[in-house]
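A quick write-up on the structure given underneath.
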Amino acid sequence: QVQLVESGGGLVQPGGSLRLSCAASGRIFSINAMGWYRQAPGRQRELVAVATNGGSTTYADSVKGRFTISRDNAKNTVYLQMNSLKPEDTAVYYCNADIRERFSSWYNYWGQGTQVTVSS
């Protein structure tokens, strides 16, 4: 009933930039938190950044000062602007959202993942 569609991943050189987008669609009544996670080869999935509906943001220490999360609530979309990218940022990035569906309850959804590769 609800889908998260991601875009914006790709291959960049160290020091480069990318912007990821994630749009939620379907029988949406409201959305609370939206965020980004990533999983590198041989590593566990970790939280990168999260933004609440009220405007609060939180970042992992490893990306603070380089990444910026933002939301367009009218479009049910969350963005992740990634600057000064490092090879250790290479991972599959996943969008995540807490969504209340119309005529139903709250559920947690994941996007399909988008590959970000930082290499020279």
Solvent-accessible heavy-atom area per residue, rounded to whole Å², over the stretch 14-89 at 1.4 Å: 54
Out of the total accessible area of the stretch 20-117 (probe 1.4 Å, heavy atoms of protein only), what percent is carbon and sulfur? 46
Rounded to a whole number, what is D in µm²/s for the stretch 32-95 from Stokes-Einstein with the Kirkwood radius over alpha-carbon pairs (4 °C, 1.567 mPa s)? 106
Can you check what the Kirkwood hydrodynamic radius comes to for the chain, Cα pairs only, in Å to one decimal? 14.5
The extension gain from Ser7 to Asn53, computed as 0.36 nm times the residue separation minus the Cα-Cα distance, is 14.4 nm
Mind ranking 59-65, 16-22, 114-120 by how tightly packed they are, going by the mean number of other C-beta atoms within 10 angstrom, highest first? 16-22, 114-120, 59-65
What is the spin-label model distance, in nm, from Glu46 to Glu88 if the labels are put 7 Å beyond Cα along the C-beta direction? 0.7
Pop out the ³J(HN,Hα) list for the stretch 100-117 in order, Karplus 6.51 cos²θ - 1.76 cosθ + 1.60 with θ = phi - 60°, rounded to Hz; leave Gly and Pro as x. 8, 7, 5, 6, 8, 10, 7, 9, 9, 10, 10, x, 7, x, 9, 7, 10, 10
Efficiency by 1/(1 + (r/R0)^6): what FRET value for Asp61 and Thr117, r their Cβ-Cβ distance, R0 = 22 Å, to the nearest 0.05? 0.50
Counting alpha carbon pairs within less than 8 Å and at least 6 residues apart, what relative contact order, in whole percent, applies to the chain? 36
Note: Asn73 to Trp110 extended length (0.36 nm per residue) minus current alpha-carbon separation gives 11.6 nm
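The values are calculated or read from the model by the stated rules, or taken from the named source; none is laboratory data. Everything numeric here is computed off the predicted structure, so don't read it as measured data. Here Cβ is always computed from backbone atoms with ideal geometry, including for glycine, and neighbour counts include all displayed protein chains. These accessible areas exclude ligands, DNA and RNA; they are computed on the full protein's heavy atoms, side chains included. Shrake-Rupley method; radii C 1.70, N 1.55, O 1.52, S 1.80 Å.
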